Amino acid sequence: MLNNAIALLNTWFPPTEVHAHCDGPCGVYDPSAARITAEAVLSMTKKILALEEPSDAAGKVAYANTLSRYIAIKEEQAQKTKDDLLILWTDYFKPVHLESYPDLHDTFWKAAKLCSACKVEVSQQHAEELMAAVEKIHTIFWATKGREVAWFTAS
Amino acid sequence: MGMDNGQLGNKPSPQAKMLPKAGWAECAQWLLGQRQRFVVRENSMVPTLMPGDTILAEMGVAVQIGDVAILRWRGEINDPECGRFASSKVVNMPSDMLMIKRVSEIFYGEGVYLISDNIHEPSARDSRHFGVVEADKIIGRATSRLATAL
């Protein structure tokens, strides 16, 4: 009974908030970080698929070097995408957001899985699916803030 | 801060004191303006305080080891953990917010070491990250729990 009365009081006269975390000092979130890295994954995947192996010895060395660099960048950017998505998922989104977006957990889980798939494979389809997943998260994120932010890509 | 991260079953440290429920005396002091009402956000003070708990606090008093302190964070944080996530979070960003933490150590009355009760919460930030806090940043101490989260 007292709990209900206090809850009512809190609704009418909201008390000051005290934070158990300190997300305020570093709590600026933006899914664009994940968009940029996911784009890099897609770009590297396309470059790897388009790379042709030459027949001469010098060309093979250059090919191996370029391919290694593309793979390393794809690996790194996919991991960064995963990190950025997990931060949004676990730090920014709250249980209240689930009421409006009941598939939120599933969306993030699948997006994180796609990051892993993009690391393991050279799959343009999965890289494009990752971009689509990040776009969906972008849309949800800005909707929770009541803002309309257009989706765009750098390439 | 996501609830998924929380280690909700963690026990507080041995020196941690649970906050008592607000009795009539506490409520009377609140009505007389001698206590201030706060609502707790996030879960790094679990199990002492759950997100959504309403507490009463005595303002402008010195804290003792074991107290639950309320501090005004007005400075900048230099957090290597946040730096790791710099792509998603801006570090060293000026802020003004109230935080609630357990007093773990007091150094000559001038510096206070604050700790989260739920130290296994990955996103918990306290003196393990931002170091000793000046005593003048402590603005009060929690005295009781007025209501628990519904």
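The values are calculated or read from the model by the stated rules, or taken from the named source; none is laboratory data. Since this is a predicted model, take the numbers as computed values, not measurements. Neighbour counts are summed over all protein chains in view; Cβ atoms, including those assigned to glycine, are modelled from backbone coordinates with ideal geometry. Side chains are part of the model used for accessible areas, which takes the heavy atoms of the whole protein and leaves out ligands, DNA and RNA. Shrake-Rupley method; radii C 1.70, N 1.55, O 1.52, S 1.80 Å.
Only one of these conditions is not met by A:Asp91: (1) modelled with pLDDT of 90 or more; (2) of a type in the set (D, E, K, R); (3) surrounded by 16 or more Cβ atoms within 10 Å (Cβ to Cβ). Which number is it?
Condition (1) is where A:Asp91 drops out.
Residues A:Lys136, A:Lys145, A:Lys110, A:Lys119: which one is away from chain B (no Cβ under 14 Å) and under 24 Å from B:Pro122 (Cα atoms)?
A:Lys110
Exactly one of (1) more than 29 Å from A:Ile73 (Cβ to Cβ); (2) open to solvent by 70 Å² or more (accessible area, probe 1.4 Å) is unmet by A:Lys110. Its number?
Only one criterion is unmet by A:Lys110, namely (1).
In this structure, does A:Val41 turn out to be β-branched (Val, Ile, Thr), farther than 22 Å from A:Glu121 by Cα and in a helix (DSSP H, G or I)?
no
From A:Pro102, A:Pro14, which residue is outside any helix (DSSP H, G or I), without any contact (Cβ under 8 Å) to a residue 12 or more places away in the chain, facing chain B (nearest Cβ under 8 Å) and not small (Gly, Ala, Ser)?
Numbers: A:Pro102 fails: facing chain B (nearest Cβ under 8 Å).
When all the criteria are applied, what remains is A:Pro14.
May I ask you to verify whether A:Ser68 is surrounded by fewer than 20 Cβ atoms within 10 Å (Cβ to Cβ) and under 29 Å from the mean Cα position of the chain (by Cα)?
yes
Given (1) open to solvent by 70 Å² or more (accessible area, probe 1.4 Å); (2) within 14 Å of chain B (Cβ to nearest Cβ), identify the lone condition not met by A:Ala58.
(2)
For region B:23-51, what are the residues that are facing chain A (nearest Cβ under 9 Å) and part of a loop (DSSP other than H, G, I, E, B)?
B:Glu42, B:Asn43, B:Ser44, B:Met45, B:Val46, B:Leu49, B:Pro51
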